[in-house]
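Chemist: Dropping the structure in here first, questions after.
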Amino acid sequence: GSCTAACHPPTYVNKVLLGSSTGRVALWNVRSHALVHEFKCLANKKDKSAVTVLKEVPNVLDLVAVGFESGRLCLIHAKEDRIITEFHQTQGSVQSITFRTGSQDEHAHMVSATPSGAFVVWDLERKRAHHVQEGAHFGPVQTVHFLPGQPLLVTSGCDNSIKMWIFDTPDGLPRLLRQRCGCPGTPVRMGFYGDMDDKELLVGGGGQGAGFVSRISFIRDQRNTDFAQKTVMRVRNVDLQDARDSVMPEGRVPPLVDMAFNPIRHFDWPAVVSAHEGLKAAFVWSASHETIGPKVMRPERPKDCAPVKAVAISSCGNYAVLGLANGALHRFNLQSLLHRGEIPKVKVPTASEIAAGLAEAKPKAAATHAHKGSVCGVAVTTGGLVVSMGGSHEDCTLKTWRLTTHEHVFTVPLRSASTAGSAVGGVLLRMQNDLVAGGLSDGSLAVVDLNGAAVVRRFSCGCPVTDAAFSYDGRWLAVTLRDGGLRVFDLLAARCVDSFSFARPALSVAFSPSTGYLLTSHQDSNALQVWANKYLFDPTLSAPLLRPEPKAPTNVDDVGGPDEAGNDAEMGEDLAEEAEEVSKVAEAGESIAEPLENGLMTLSRVPPAKWLATLHLDIVKERNKAAEPPKPLPKAPFFLPTALDGMTPRFAAPLSAEPEAEAAEKEAEKSLSTQSALDQAVSFFDSKVLSGERSVSQGLKFQQLLRKKKFDEALDFLRAQTPSGVHLAIEEIGPLASGTVDELRACLKMFQHHMCKAHLADELQVYLSIFLQAHGDELIEDEEGKDLCREVGLQVEKQWTDLSRRCQKVRCFLGLLTHTQSQW
């Protein structure tokens, strides 16, 4: 048979225990690949089930626990090939085994996991079951593990939860200490719980044949919880005698179909309503107590009962409306759970009307259901209108009713002119304020404005939708499709702004209240995917309406998806294309030299290290200054003297090595001083001024540009110089450089000229600082120079004040969008 379990007992070097699907356990040498021993003590003619787990006993040599699929559990001595003790787990196969370690005074416990969601505590001293913890997890318990030396047991199950139990009671029984849990199944409905708050999310769905309602916190994982369902046993025995079409799981509700809630009544009464598969009643849940309610909502007459397909709650939180599979709508009081009648209400004639002949004593039986087919969606507006949608192709309409009087208000046909005669039915209904989105079976999506009682937008998705969600401002509409696609539509522009395609179809979608995030849940996955709005967080992207409409959806393979392994090449191509687009955007951003608006301050593209070196040139020179001049190497003699070190010849230093080195050093210093004097003489005779090529009055090139008031060329000249050249050019102007004060005034006007353009702000500040340090004393003695310095100072202050004001506006705008608080 195949190998089903393995373990490595302590001190068994290069050997492992292997369990097979035939129930055999053997010891193998992993180095020589040889069978060492097969255990005969475990052979049982009556039980030949597979070995499911092998676990060595800590702190005790040669003891190993063996668990079987039949529930048999043996503790064997591997060295002697004998069974020490044997147990039988009536809950089913043994999933996992762990042992409690600690002091000798503590209980000798062994814990085994069961497929029924419980774990069994075995007393090894008394050789019997000590405790059975029922309902530890929903579904099989996958792993149990005792922390070394502590009375703490950690368990994990198929319900996406991990729990820690502590054995601190006098009788040695466990109690729940802490837990972390997520969605125990696949979410099919979700929504943010709270008034414009994105901190908590209510999720409903199903998994392993049972339903759930959970609360997910985006602030602390400790607040994640699965609503309790212990009162389901009481409810099903009293109120669900004729309300089930299918058998409910033990202690759990069936998988969820639809869910509605109202946080206004959070502390008043249960204000979460859910519909479930094949169930002819709706459950109520209390979000404050995190449990299911003790009663259900269903019509009073048994003949009116039908599976609930859609639920809705009024904005006041007092009423709930149920949409049934037979097309009926029923209103209930949410506080008392009393039935308030069917929509539309059957009019019973009064005695006066019968006497006057205005009505018959026995009116003809008429269909009182709101729709001919099943109700696929229902919602309640803030104005007290009940909006319902039929799922049958005979009644593909959207109807509105008065919540209190049950009167019909108006009907809006949802079929388009091209599909008027085809069999098109409704799929779902979602509402935000006065906008209602209705998905049809032909893949179209109709958006109805309740104020105008007409279809105002119609989108073709190509596939029936599975869920839809409006943004909280009603600007965007996100829909998920059965083929795995996701579309985001801009309702005002009537166009698609984004398109995705997932490996697994998305079943539910929800916008965060800030519209900064989009949440999706996918088939066969209990995870919630959170997607950031790239138009809010990516500055390289322009507004969605300024970008072209996506021609094809972007393929997104979620982590752990079934097609992930086979699409590595495609994923690489997508990443390469995305990287190419990013590089193009970056190149486009670098090529743009003009600001987005006139007057905005821009910086140079010079590395900061260059203008910092220009500003702090004296520090750079001091840091790079040599500690001492380089010493010349001594001249080697023509014949190198050697000496014998035993039998090995070695080079020997000459006796006059030190005097020769000193003489060579003096000769080198003398030659260096002579060379420097010659260089000075050559530079003197090569001077352009003395040679007549340039007069003193002509000045340097920077001086000439200032005198001609060519301020743009003057700045380009400074930018082309080295840090030392910038200092030399700025210092060699003015009276101290055979010039006039007009050159200093012209330099200040050059700074004014370029500050008005608001460009190259970082380099201009560096040049201005060097100029004021070099010629500050001269400008103080000149009245006109002082006035120009004052104007330049005011202009600099105005620029930086304007920049600070714009940055403050951006910070406030980002804080408004992301709900963050920051201080500068």
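Chemist: Quick one: how many residues across segment 101-124 are assigned to a loop (DSSP other than H, G, I, E, B) and under 24 Å from Asp159 (Cβ atoms)?
Modeler: Looking only at segment 101-124, we keep the residues that are assigned to a loop (DSSP other than H, G, I, E, B), and these are 101-108, 114-118, 124.
Subset that is under 24 Å from Asp159 (Cβ atoms): 114-118.
Selection size over segment 101-124: 5.
Chemist: Tell me, yes or no, whether segment 759-776 has at least one residue that is without any contact (Cβ under 8 Å) to a residue 40 or more places away in the chain, more than 19 Å from Val726 (Cα to Cα) and out of contact with any helix residue (DSSP H, G or I) (no Cβ under 6 Å at 6 or more places or on another chain).
Modeler: No, segment 759-776 contains no residue that is without any contact (Cβ under 8 Å) to a residue 40 or more places away in the chain, more than 19 Å from Val726 (Cα to Cα) and out of contact with any helix residue (DSSP H, G or I) (no Cβ under 6 Å at 6 or more places or on another chain).
Chemist: Here is a further query. I'd like to check which strands (runs of 3 or more DSSP E) are fully inside segment 382-441 and have at least 2 residues that are over 38 Å from the mean Cα position of the chain (by Cα) and hydroxyl-bearing (Ser, Thr, Tyr). Outline the logic, then answer.
Modeler: Values: elements: 385-390, 397-402, 408-413, 426-432, 435-440.
It comes to 397-402.
Chemist: Can you tell me which residue is surrounded by the fewest Cβ atoms within 10 Å (Cβ to Cβ) among those in segment 18-42 that are in a loop (DSSP other than H, G, I, E, B) and in contact with a strand residue (DSSP E or B) (Cβ under 8 Å, 6 or more places away or on another chain)? Steps first, please.
Modeler: Looking only at segment 18-42, we keep the residues that are in a loop (DSSP other than H, G, I, E, B), and these are 21-24, 30-33, 39-42.
Those still in the list that are in contact with a strand residue (DSSP E or B) (Cβ under 8 Å, 6 or more places away or on another chain) too: 21, 23-24, 30, 39, 41-42.
Details: Ser21: 16, Gly23: 21, Arg24: 17, Val30: 12, Phe39: 21, Cys41: 16, Leu42: 20.
Looking at the filtered set, the residue picked out is Val30.
Chemist: Being of a type outside the set (Lys, Arg) and open to solvent by 70 Å² or more (accessible area, probe 1.4 Å) is the filter; apply it to segment 58-80 and report the residue that is modelled with the lowest pLDDT.
Modeler: Pass one, segment 58-80, residues of a type outside the set (Lys, Arg): 58-71, 73-78, 80.
Of the ones still in play, those that are also open to solvent by 70 Å² or more (accessible area, probe 1.4 Å) are 59, 61, 69, 80.
Working: Asn59: 84, Leu61: 89, Glu69: 92, Glu80: 90.
Within segment 58-80, the match that is modelled with the lowest pLDDT is Asn59.
Chemist: Continuing with the same structure: Please go through segment 183-208 and pick out each residue that is more than 20 Å from the chain's Cα centre (by Cα) and among the charged types (D, E, K, R).
Modeler: Asp195
Chemist: So, one more: Just need a number here: residues in segment 227-254 that are within 29 Å of Met164 (Cβ to Cβ), modelled with pLDDT of 70 or more and open to solvent by less than 50 Å² (accessible area, probe 1.4 Å). Explain how you work it out, then say what you get.
Modeler: As a first pass, look at segment 227-254 and keep what is within 29 Å of Met164 (Cβ to Cβ): 227-233, 249-253.
If we keep only those that are modelled with pLDDT of 70 or more too, we end up with 227-233, 251-253.
If we keep only those that are open to solvent by less than 50 Å² (accessible area, probe 1.4 Å) as well, we get 227-229, 231-232, 251-253.
The total comes to 8.
Chemist: So Phe138 ticks every box in (1) open to solvent by 10 Å² or more (accessible area, probe 1.4 Å); (2) more than 17 Å from Arg100 (Cα to Cα); (3) modelled with pLDDT of 90 or more but one. Which box is left unticked?
Modeler: Among (1) open to solvent by 10 Å² or more (accessible area, probe 1.4 Å); (2) more than 17 Å from Arg100 (Cα to Cα); (3) modelled with pLDDT of 90 or more, the lone unmet condition for Phe138 is (3).
Chemist: Of everything in segment 287-316, what is among the hydroxyl-bearing types (Ser, Thr, Tyr) and touching a residue at least 40 places away in the same chain (Cβ under 8 Å)? Give them in sequence order. Spell out the reasoning first.
Modeler: We begin by selecting, within segment 287-316, every residue among the hydroxyl-bearing types (Ser, Thr, Tyr); these are 288, 291, 314-315.
Listed by number, the residues that qualify are Thr291, Ser314, Ser315.
Chemist: Residue by residue through segment 379-437, note down the ones that are polar (S, T, N, Q) and touching a Ser or Thr at 6+ places or on another chain (Cβ under 6 Å). Working first, answer last.
Modeler: Keep residues of segment 379-437 that are polar (S, T, N, Q), which gives 381-382, 388, 392, 397, 400, 404-405, 411, 416, 418-419, 422, 432-433.
Those that are polar (S, T, N, Q) and touching a Ser or Thr at 6+ places or on another chain (Cβ under 6 Å): Thr382, Thr397, Thr411.
Chemist: Of the numbered conditions (1) open to solvent by 50 Å² or more (accessible area, probe 1.4 Å); (2) touching a Gly at 6+ places or on another chain (Cβ under 6 Å); (3) modelled with pLDDT of 90 or more, Lys55 satisfies every one except a single condition; which is it?
Modeler: Failed condition: (2).
Chemist: Among the residues of segment 141-167 satisfying the criterion of being open to solvent by less than 20 Å² (accessible area, probe 1.4 Å) and in contact with an Asp or Glu (Cβ under 9 Å, 6 or more places away or on another chain), which is farthest from Arg72 (Cα to Cα)?
Modeler: Among them, the one singled out is Ser161.
Chemist: Can you tell me which residues in segment 276-295 are surrounded by 21 or more Cβ atoms within 10 Å (Cβ to Cβ) and in contact with an Asp or Glu (Cβ under 8 Å, 6 or more places away or on another chain)?
Modeler: Of everything in segment 276-295, those that are surrounded by 21 or more Cβ atoms within 10 Å (Cβ to Cβ) and in contact with an Asp or Glu (Cβ under 8 Å, 6 or more places away or on another chain) turn out to be Leu279, Lys280, Ala281.
The values are calculated or read from the model by the stated rules, or taken from the named source; none is laboratory data. All values reported here derive from a predicted model rather than from experimental measurement. All Cβ positions, even for glycine, are placed from backbone atoms using ideal geometry, and neighbour counts span all protein chains on display. SASA here: full protein model, heavy atoms, side chains in, ligands and nucleic acids out. Shrake-Rupley method; radii C 1.70, N 1.55, O 1.52, S 1.80 Å.
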